[in-house]
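**Student:** The structure under discussion is supplied below as structure tokens; questions concerning it will follow.
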Protein chains: 2
Amino acid sequence: MHDTSEAARATRARAWFDELRDRLVAAFEALEDAAPPDLYPGEPGRFELKPWVRAEGGGGVMGFLRGRLFEKCGLHVSRVEGVFSPEMAANMPGVGEDRRFVATGVSLITHMVNPRVPAVHMNTRYIATTRGWFGGGADLTPLLEEHRSERAPDAVRFHAALQHACDAHHADWYARYKAECDRYFFLPHRNEPRGIGGIFYDHHDSGDFERDFAFTRDVGLALLDVYPAIAARRMLEPWTEEEREEQLIRRGRYVEFNLLYDRGTMFGLKTGGNIESILSSMPPTVKWP
Amino acid sequence: MHDTSEAARATRARAWFDELRDRLVAAFEALEDAAPPDLYPGEPGRFELKPWVRAEGGGGVMGFLRGRLFEKCGLHVSRVEGVFSPEMAANMPGVGEDRRFVATGVSLITHMVNPRVPAVHMNTRYIATTRGWFGGGADLTPLLEEHRSERAPDAVRFHAALQHACDAHHADWYARYKAECDRYFFLPHRNEPRGIGGIFYDHHDSGDFERDFAFTRDVGLALLDVYPAIAARRMLEPWTEEEREEQLIRRGRYVEFNLLYDRGTMFGLKTGGNIESILSSMPPTVKWP
């Protein structure tokens, strides 16, 4: 970071990520309160926030919700600064002699008690070297076969929300970033998609920071709007033991994807990242029968 | 295989692997029968054997035991023939113009209901190109912290059995192959070993096929002797809910190792191997709380 304007941009992005986190916390805790007690016994869960500091510079706040509706939810915000290794630098725009960077982001993963409520993943981030760009996206993972079609109601609603967020900023972005999501969240060894998709983007830099920042905010707001709405409807549906079993087995695919293919997970684990944060995306209970 | 003697050696090795499988089946089913019903309700489990054929040549028999003591056990024998890809060939001895190979092996993994009974993994194989060699090993994974020391009784007994098998053939092999095992079955991202070790060897070719074959048979016999003995003793011990929880969490490390680091698993999954066989090593129930 020699350009102080990039540091100022990262500070603005971090402030937004914190705000989005606070609003997601409020929305999810409201769902914990509203979940019908006959289906979800026990007390409504509350987020625990754990600050952490990175020795090399920066840190963040990990958030965990283990409740009666949210079986396990990770919601983390961070801002870290440092110097890319030569290997990392090779894949990063704007890195030459000067390998310094700043990265800030918010990440969310939900694993629900009720197999009829889909899991969701969302991550948005701002990274700056001598240049700055946004990355991230959101994707939905219904657990039951009957929900795992792009024509299923939750999928239609989820895609529409993300399309709305994209279309407000550029006519091409939705199609492009939806295709990237389908390409990325795919398990070649099983020849099956992880979920029903969403959007995924990286190195997003239209040349207009304000526009790109507004786009990333709208992706977060779309998730904040659509996922609690889907969960609020689905959480009212009772489930069977067979559906719970199907969910636990399907979660195994999630584990396989994260450990075999997810670039962020593998990179983080192999380079000494924060294990607790990186592996907080792992489902709480999984079966490979 | 232009050398028919290699094919004949593979046939002899396969016959031994089948015999070892049959003896392990008998030993494990006897444990299923002997497990005390107050700790292990239900009927004793029996192996199901599923033959499979590989389109490119060869095949094998997958064995699965899902019982009251053995929560999930995979025990597979195979013999496959083919032609190494140029990438594979680069890491294989004896491959030049002629990239044909034959490979035969037996593999075993146990995941037990009782968290006080360790899991075990064993694999021995014979691979031949224009040269032939043995590979494999056996390692023990106690699930509870109190058993996860090299000085714990099960560990001492397990290591002694393997040392005995090695020492009968060469004074150096035990130390060398024990060190290779410790190096291989290690999770760098957690800075912890997968289990308490055992032995691990590859490209084992002393120049004397009969000696190497006898060594590999003795590794199998050591496992056949020591593991049922350990399990027979440990299965009598009642366990607590806390120990079961510790076991399910510890199994997550097993999943992490297999998907992040195990060469065989990653290679198999990414090159279109038999998913059912490759992933049969995954624990039946796992937690990342």
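The values are calculated or read from the model by the stated rules, or taken from the named source; none is laboratory data. Keep in mind the model is a prediction, meaning the values are calculated, not measured. All Cβ positions, even for glycine, are placed from backbone atoms using ideal geometry, and neighbour counts span all protein chains on display. Ligands, DNA and RNA are excluded from the accessible area calculation, which covers all protein heavy atoms including side chains. Shrake-Rupley method; radii C 1.70, N 1.55, O 1.52, S 1.80 Å.
**Student:** Can you classify chain B as rounded, prolate or oblate using the Cα gyration tensor, where a ≥ b ≥ c are the square roots of its eigenvalues, rounded means a/c under 1.5, and otherwise it's prolate if a/b beats b/c and oblate if not?
**Tutor:** prolate
**Student:** Okay, next question. At 1.4 Å probe size, with the rest of the protein present, what percent of the exposed accessible area of region B:1-143 is carbon and sulfur atoms?
**Tutor:** That fraction is 53 percent.
**Student:** Taking beta carbons within 10 Å but only from partner chains, what does the mean come to for residues A:256-262?
**Tutor:** Per residue, the number of nearby Cβ atoms from other chains is 4 on average.
**Student:** Would you mind checking the tilt of helix A:153-167 against the longest principal axis of the Cα atoms of chain A, expressed as 0 to 90 degrees and rounded to 10?
**Tutor:** 20 degrees
**Student:** Still on this structure, I have one more. Cβ neighbours within 10 Å, averaged per peptide: list A:57-64, B:44-51 in order, most packed at the top.
**Tutor:** For the peptides A:57-64, B:44-51, the packing ranking is A:57-64, B:44-51.
**Student:** Only four residue types carry charge here, +1 at the Cβ of Lys and Arg and -1 at the Cβ of Asp and Glu. Report the dipole size of region B:70-164 about the Cα centre in Debye, rounded to the nearest 20.
**Tutor:** Value, rounded to 20: 200 debye.
**Student:** Decide, for the protein assembly as shown, between rounded, prolate and oblate: order the square roots of the alpha carbon gyration tensor eigenvalues as a ≥ b ≥ c, take rounded if a/c falls under 1.5, and otherwise choose prolate if a/b is larger than b/c, else oblate.
**Tutor:** Taking the square roots of the gyration eigenvalues as a ≥ b ≥ c, the protein assembly as shown is prolate.
**Student:** Further question: Distance cut-off 24 Å, Cα to Cα: go down the list A:178/B:287; B:72/B:178; A:287/B:50; B:50/B:287 and report the pairs above it.
**Tutor:** Correct reply: A:178/B:287; B:72/B:178; B:50/B:287.
**Student:** I would also like to ask the following. Based on the mean of other beta carbon atoms within 10 Å per residue, what is the order of A:148-159, A:216-227, B:234-245, most packed first?
**Tutor:** Highest mean packing first, the order is A:216-227, A:148-159, B:234-245.
**Student:** Here's another thing I want to ask about it. If you take each beta carbon of peptide A:248-255 and count the beta carbons of other chains within 10 angstrom, what is the mean?
**Tutor:** That average works out to 2.
**Student:** Also, I was wondering about something else. How big is the gap, in Å, between the Cα center of region A:230-289 and the Cα center of region B:124-190?
**Tutor:** With region A:230-289 and region B:124-190 each reduced to a Cα centre, they are spaced 32 Å.
**Student:** Averaged over A:277-284, how many beta carbons belonging to a partner chain fall within 10 Å of each residue's beta carbon?
**Tutor:** 3
**Student:** Follow-up. Under 8 Å for C-alpha pairs, at least 6 residues apart: give me the relative contact order for region B:146-260, rounded to a whole percent.
**Tutor:** The normalised contact order for region B:146-260 reaches 27 percent.
**Student:** Distances from residue A:54 to the same position in the other copies: list them in nm, one decimal, shortest first, using label points 7 Å from Cα along Cα→Cβ.
**Tutor:** Copy-to-copy label distances for residue A:54: 4.4 nm.
**Student:** Also, I was wondering about something else. What are the nm distances, shortest first, from residue B:160 to its equivalents in the other copies, labels at 7 Å along Cα→Cβ?
**Tutor:** 7.1
**Student:** A further question follows. In Å², rounded to the nearest 100, what is the total accessible surface buried by chains A and B against each other with a 1.4 Å probe?
**Tutor:** Its buried surface, counting both partners, is about 2000 Å².
**Student:** With contacts defined as alpha carbon pairs under 8 Å and 6 or more residues apart, what's the relative contact order of chain A in percent?
**Tutor:** Averaging sequence separation for qualifying contacts and normalising by length gives 17 percent for chain A.
**Student:** In degrees from 0 to 90, rounded to the nearest 10, what is the angle of the helix A:173-184 Cα long axis to the longest principal axis of chain A?
**Tutor:** The two axes meet at around 70 degrees.
**Student:** Put +1 on the Cβ of every Lys and Arg and -1 on every Asp and Glu Cβ in the protein assembly as shown; which of A:155, A:282, B:106 then has its Cα farthest towards the positive end of the dipole?
**Tutor:** Positive-end residue among those listed: B:106.
**Student:** Quickly estimate the mean residue ellipticity at 222 nm for the protein assembly as shown, helices only: each DSSP H run with n ≥ 4 gives -39500 (n - 2.57), and the total goes over all residues, rounded to 500.
**Tutor:** Estimated from H runs of four or more residues: -13500 deg cm²/dmol.
**Student:** Relative to the longest principal Cα axis of chain A, at what angle does helix A:241-260 sit, 0 to 90 degrees, rounded to 10?
**Tutor:** 20 degrees
**Student:** Once the Cβ-Cβ distance between residue A:91 and residue B:151 is put in as r, and R0 is 51 Å, what FRET efficiency do you end up with, to the nearest 0.05?
**Tutor:** That pair, residue A:91 with residue B:151, gives E of 0.65.
**Student:** Report, for residue B:191, each distance to the same residue's label point in the other copies, shortest first and in nm; define the point 7 Å along Cα→Cβ.
**Tutor:** Between copies, matching label points for residue B:191 lie 4.4 nm apart.
**Student:** Just to be sure I understand: chains B and A are related by a rotation, so which residue of B has its Cβ closest to that axis, and how close in Å?
**Tutor:** Looking at chain B's Cβ atoms against the axis toward A, the nearest is B:259, 2.
**Student:** Compute the accessible area per residue over the protein assembly as shown, keeping the other protein chains in place, probe 1.4 Å, unit Å².
**Tutor:** 41 Å²
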